[in-house]
Amino acid sequence: MARGIQGPGKPFAIAVLACAALALAPAAWLRPWTTDVSDLLWLPLRPAAHGLTALRHWLRPGQQPDRGGGDAELLSQERDRFRSLWHAERLRAEELAQRLAQLERAERFHRGNTPVVPRMVSVTGRGVGRSELMLSLQAGTRQGVRPGDPAVIGGDLLVGRVVGEPTDVTCWLAPLQDPSTGRLDVYVVPADRPEAPPSESALAQLRPDGRGSLVGEAEASARLVPGDVVRLADPTWKPAAQGMRVGVVQAVRPSDRNPLRAVVEVRCGVEPERLREVTLKVERAE
């Protein structure tokens, strides 16, 4: 009877059994040391592998990069970069031109004997410690700002007015949509007669509705239609704000309480949450 595996087959059988045991062993046991063993086994073969790789590259050299194409690609990238810079500068130049035009229009559109100095100021905060619609402006008494000074954009599009006492360098602006604005006396200019005087326009009284619009009543006989322009004619506002555009008529419907009156809904021309700058119409000091 054979006493087991004899001769040269014994090492082979031991290797097979070892491989089988390793194959069945959990991966968590093998991972910490198999990588090190693999690196040790490959260490003597690295010089030969490096030489064979060099020989392969010598026998079959890779494609050299096209110098002409590379230069063309670089030139194309530089062209695109300078083109984007050029467009950015054009936008900046147009923005500066628009700001200058706003200042010129704001200075031209004022009423009364008090001269007005337009000051373009930045919006630095929104609704901090106040109404959500309130705007904090980077201008105060050092720039001549006083309570009640109106703010506009585009020359004659009314945004709101300064409320409370300004500090040296800041003030708060209440937009038209803010509940603190209260009642507004306005006149409505027909869309097809934008130059009509107030005497030929319908009068209305508006209040913020809490949804971003102004709602009020006017005479039903005025026959207001959507698109008519609404302008301020309120004696409680400073002269520099009179005649400024408030917005446009969005909807007109009969009043349920009085058949001789019509309910008017006005969409303001400014969205306070999107403003970055406004022009304050500051009264010039004596």
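The values are calculated or read from the model by the stated rules, or taken from the named source; none is laboratory data. Note that the structure is a prediction, hence the values are computed from the model and not measured. All Cβ positions, even for glycine, are placed from backbone atoms using ideal geometry, and neighbour counts span all protein chains on display.
Quick check on my filter: what residues within the stretch 155-187 are part of a loop (DSSP other than H, G, I, E, B) and either within 21 Å of Thr124 (Cβ to Cβ) or touching a His at 6+ places or on another chain (Cβ under 9 Å) (or both)?
Pass one, the stretch 155-187, residues part of a loop (DSSP other than H, G, I, E, B): 155-156, 164-170, 176-178, 182-183.
Of everything in the stretch 155-187, those that are part of a loop (DSSP other than H, G, I, E, B) and either within 21 Å of Thr124 (Cβ to Cβ) or touching a His at 6+ places or on another chain (Cβ under 9 Å) (or both) turn out to be Gly164, Glu165, Pro166, Thr167, Asp168, Val169, Thr170, Leu176, Gln177, Asp178.
Output the residue which, of all residues in the stretch 218-231 that are among the aliphatic types (A, V, I, L, M) and under 12 Å from Leu203 (Cβ atoms), is surrounded by the fewest Cβ atoms within 10 Å (Cβ to Cβ).
As a first pass, look at the stretch 218-231 and keep what is among the aliphatic types (A, V, I, L, M): 218, 220, 222, 224-225, 229-230.
From what's left, under 12 Å from Leu203 (Cβ atoms): 218, 222, 224, 230.
Working: Ala218: 23, Ala222: 18, Leu224: 22, Val230: 29.
The qualifying residue surrounded by the fewest Cβ atoms within 10 Å (Cβ to Cβ) is Ala222.
Say we look at the stretch 102-153 and pick out the residues that are at pLDDT 65 or above, outside any strand (DSSP E or B) and under 23 Å from the mean Cα position of the chain (by Cα); which of these is surrounded by the fewest Cβ atoms within 10 Å (Cβ to Cβ)?
As a first pass, look at the stretch 102-153 and keep what is at pLDDT 65 or above: 114-127, 131-153.
So of that shortlist, the ones also outside any strand (DSSP E or B) come out as 114-115, 127, 131-134, 138-149.
Subset that is under 23 Å from the mean Cα position of the chain (by Cα): 127, 131-134, 138-139.
Details: Gly127: 15, Ser131: 17, Glu132: 10, Leu133: 21, Met134: 21, Gln138: 14, Ala139: 26.
Per the criteria, the residue is Glu132.
Taking the options Val282, Val252, name whichever one is within 23 Å of Asp149 (Cβ to Cβ), in a strand (DSSP E or B) and in contact with a strand residue (DSSP E or B) (Cβ under 6 Å, 6 or more places away or on another chain). Give the derivation first.
Values: Val252 fails: within 23 Å of Asp149 (Cβ to Cβ).
Criteria check complete, one pass: Val282.
Out of all the residues in the stretch 176-220, which are in contact (Cβ under 8 Å) with a residue 12 or more places away in the chain and of a type in the set (Ser, Thr, Tyr)? Lay out the reasoning, then the answer.
Step one: of the stretch 176-220, the residues in contact (Cβ under 8 Å) with a residue 12 or more places away in the chain are 176-191, 194, 198, 201-210, 212-220.
Across the stretch 176-220, the qualifying residues are Ser180, Thr181, Tyr187, Ser201, Ser213.
Taking Ser199 as the residue in question, decide whether it is of a type in the set (Ser, Thr, Tyr) and either at pLDDT 90 or above or more than 29 Å from Leu224 (Cβ to Cβ) (or both). Please lay out each step first, then the result.
On the way: of a type in the set (Ser, Thr, Tyr): yes; either at pLDDT 90 or above or more than 29 Å from Leu224 (Cβ to Cβ) (or both): no.
The answer is no for Ser199.
Restricting the stretch 250-269 to residues that are in contact with a Gly (Cβ under 8 Å, 6 or more places away or on another chain) and β-branched (Val, Ile, Thr), which is surrounded by the fewest Cβ atoms within 10 Å (Cβ to Cβ)?
Taking the stretch 250-269 and keeping what is in contact with a Gly (Cβ under 8 Å, 6 or more places away or on another chain), we get 263-264, 266-269.
Subset that is β-branched (Val, Ile, Thr): 263-264, 266.
Values: Val263: 17, Val264: 27, Val266: 26.
The qualifying residue surrounded by the fewest Cβ atoms within 10 Å (Cβ to Cβ) is Val263.
Report yes if some residue within the stretch 164-171 is crowded, with 24+ Cβ neighbours inside 10 Å and in contact (Cβ under 8 Å) with a residue 60 or more places away in the chain; otherwise report no. Can you show your working first?
As a first pass, look at the stretch 164-171 and keep what is crowded, with 24+ Cβ neighbours inside 10 Å: 171.
Okay, now just the ones that are also in contact (Cβ under 8 Å) with a residue 60 or more places away in the chain, so none.
Looking for residues that are crowded, with 24+ Cβ neighbours inside 10 Å and in contact (Cβ under 8 Å) with a residue 60 or more places away in the chain, one finds none in the stretch 164-171, hence no.
Among Arg267, Arg183, Arg211, which is modelled with pLDDT under 90 and among the basic types (Lys, Arg)? Before you say what the answer is, go through the steps one by one.
Working: Arg267 fails: modelled with pLDDT under 90; Arg183 fails: modelled with pLDDT under 90.
After applying the criteria, what remains is Arg211.
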